[in-house]
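Note sheet for the following structure.
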Amino acid sequence: AQSVTQLGSHVSVSEGALVLLRCNYSSSVPPYLFWYVQYPNQGLQLLLKYTSAATLVKGINGFEAEFKKSETSFHLTKPSAHMSDAAEYFCAVSDGSGNTGKLIFGQGTTLQVKP
Amino acid sequence: DTAVSQTPKYLVTQMGNDKSIKCEQNLGHDTMYWYKQDSKKFLKIMFSYNNKELIINETVPNRFSPKSPDKAHLNLHINSLELGDSAVYFCASRRQGVPDGYTFGSGTRLTVV
């Protein structure tokens, strides 16, 4: 069975500071990993995804994540936070299996950006 | 526009009513999903259909009945609505064999009063 754990339900950073959102996964097969962002009262937007190609994945809005198999982690980072980054962030894992391929989501992390 | 579209976007209804949420995708995908996001923002899969066949049913109450008339549509009917059904419901689709190509709808916010 697959699972995702996001460490820290709330993260607060100052504008311009480094953003680090933590995600650890569990999977018995090579995983596909995703980060989604959800702005207030909006849907899910894909930030980036890992699909067994490069371990360092670059996404939209300056975000990137590094897949570390030895640590079973897929942490999301951004060098300099912007006020517009304030949102809910979800890490998700899929086994990519042929028919089902369901996404398993983490609990979410609320990112607060202080001026 | 190519997309996953859900209707309605907002739904307010009384306890005990029956309601439906519709989802349509024009991406040519053959697998569709319903996810529920609860008040704590936790996202959990409910159902999945592949080519009109139910392939995932995640211990959802029988009051919830998905229906897929064709592979482009996946509707969700809910009987005897309860307060706890209040949530945001997301539809998603994917092409089988493309494990990373999920597309989500914008969600339906259901409020049961």
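Just a yes or no: is a residue in region B:77-91 more than 10 Å from every other protein chain (Cβ to nearest Cβ), among the hydroxyl-bearing types (Ser, Thr, Tyr) and crowded, with 20+ Cβ neighbours inside 10 Å?
Among the residues of region B:77-91, at least one is more than 10 Å from every other protein chain (Cβ to nearest Cβ), among the hydroxyl-bearing types (Ser, Thr, Tyr) and crowded, with 20+ Cβ neighbours inside 10 Å, which makes the answer yes.
Residue check: is B:Lys40 surrounded by fewer than 16 Cβ atoms within 10 Å (Cβ to Cβ), within 30 Å of A:Leu111 (Cβ to Cβ) and among the basic types (Lys, Arg)?
yes
Can you tell me how many residues within region A:69-94 are exposed (fewer than 14 other Cβ atoms within 10 Å of the Cβ) and either of a type in the set (D, E, K, R) or over 18 Å from A:Val19 (Cβ atoms) (or both)?
The number of residues fulfilling the criteria is 3.
So which strands (runs of 3 or more DSSP E) stay within region B:1-52 end to end and still have 1 or more residues that are closer than 14 Å to B:Phe104 by Cα?
Because the criterion is at least 1 residues that are closer than 14 Å to B:Phe104 by Cα, the strands (runs of 3 or more DSSP E) in region B:1-52 that meet it are B:4-7, B:19-25, B:31-37, B:43-50.
Name the one entry in A:Ser73, A:Ser27, A:Ser84, A:Ser52 that is farther than 30 Å from B:Ser5 by Cβ and more than 14 Å from chain B (Cβ to nearest Cβ).
Just a single option satisfies the conditions, and that option is A:Ser73.
Residue pairs, Cβ under 7 Å, 6 or more apart or interchain, first in region A:68-81 and on the phi > 0 side of the Ramachandran plot, second assigned to a loop (DSSP other than H, G, I, E, B) and surrounded by 14 or more Cβ atoms within 10 Å (Cβ to Cβ). List them.
none
Just so you know, all these numbers are worked out from the coordinates, no wet-lab data involved. Here the structure is a predicted model, which means the values were calculated and not measured. Counting neighbours? That spans all protein chains shown, and the Cβs are built from the backbone with ideal geometry, glycine included.
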